Amino acid sequence: MNDYQKEELEALEQISQTMVQLKPDERIMLSEMIEPYLSFRRKLDAFLSGKFSDHCTSSCYQNNLSACCSKDGIITFWADAVINLFCSSKAQIQDVYKSLKEPWSQVKCTYLTPGGCCWKVRPLVCAMFICDSAQKNVFGKNAQAKTKWRQFERTAKSFRWPDKIVLFDSLERCFMEKGCRSSLMHLNTSPGLLNIKKKYGVKLY
Ligand code: SF4
């Protein structure tokens, strides 16, 4: 395992250990916090599947390119991992742990398995990735789809961009209250994002 895998694994272990200790009312609260985001992700998935699957299957999948998952270390946020673990079965969580313990590859994401991405709810940065070629091909022929995509981008930002208290920050704070700390808590550790919070008067943890 390299440092990236260790960092990810450590975060997942903290989240798993904290989640099993949640009281029923805390689980309900977490579920209610996450539901608007999951609703957004369902709509996003339907849009991507409807507009992009033909292009992506023929241009990447069949040619083994899969450019979006060929990066060796994508940036995941604490909230991405919380949401994924919250929505995953025990077997799916084990698959994530297993993938992190595989030998490091320079040519693919550590979470990419022969069956595809092992995350049940992929990180937001992955869900929002459409390569230039796909954008050009699909949006070039469909201006409405491009407008819809811009709306998705704005909604995605509203969950993560800390010009107010946003879901990704709230999820970090919930787990910080329980003693968790991680470099994946970008909303509370990244100097750039902390500056945004200061600029907009968002209370720091
Ligand atoms: S986390 Fe999943 S979707 Fe994102 S780059 Fe890795 S394999 Fe691809």
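So, in region 150-193, of the ones that are closer than 28 Å to VAL138 by Cβ and among the aromatic types (Phe, Trp, Tyr), which residue ends up least open to solvent (accessible area, probe 1.4 Å)? Once the filter is applied, the top-ranked residue is PHE168. Might you let me know whether region 97-115 holds any residue that is assigned to a loop (DSSP other than H, G, I, E, B), open to solvent by less than 50 Å² (accessible area, probe 1.4 Å), within 30 Å of LEU204 (Cβ to Cβ) and in contact (Cβ under 8 Å) with a residue 40 or more places away in the chain? No; the residues of region 97-115 include none that is assigned to a loop (DSSP other than H, G, I, E, B), open to solvent by less than 50 Å² (accessible area, probe 1.4 Å), within 30 Å of LEU204 (Cβ to Cβ) and in contact (Cβ under 8 Å) with a residue 40 or more places away in the chain.
Tell me, which residue of region 1-35 that is polar (S, T, N, Q) and touching a Lys or Arg at 6+ places or on another chain (Cβ under 9 Å) is farthest from THR110 (Cα to Cα)? Looking at the filtered set, the residue picked out is GLN21.
State whether one or more residues within region 170-184 are more than 15 Å from the ligand (Cβ to nearest atom) and in contact with a His (Cβ under 9 Å, 6 or more places away or on another chain). Yes, that holds for at least one residue.
The set of residues from region 116-141 being more than 12 Å from the ligand (Cβ to nearest atom) and either part of a strand (DSSP E or B) or under 30 Å from MET1 (Cβ atoms) (or both) comprises just one member, CYS131. The residue list GLU26, GLU35 contains one member that is part of a helix (DSSP H, G or I), at pLDDT 95 or above, away from the ligand (no atom under 16 Å from the Cβ) and more than 21 Å from the chain's Cα centre (by Cα), which is GLU26. Within region 131-164, count every residue that is β-branched (Val, Ile, Thr) and either in contact with a Ser or Thr (Cβ under 6 Å, 6 or more places away or on another chain) or modelled with pLDDT of 95 or more (or both). Residues meeting the conditions: 2.
The values are calculated or read from the model by the stated rules, or taken from the named source; none is laboratory data. It should be emphasised that the depicted structure is a prediction, and the values quoted were computed from it without experimental measurement. Cβ coordinates were reconstructed from backbone atoms using ideal geometry, including for glycine residues, and neighbour counts include every protein chain displayed. Calculation scope for accessible area: heavy atoms of the full protein, side chains included, ligands and nucleic acids excluded. Shrake-Rupley method; radii C 1.70, N 1.55, O 1.52, S 1.80 Å.
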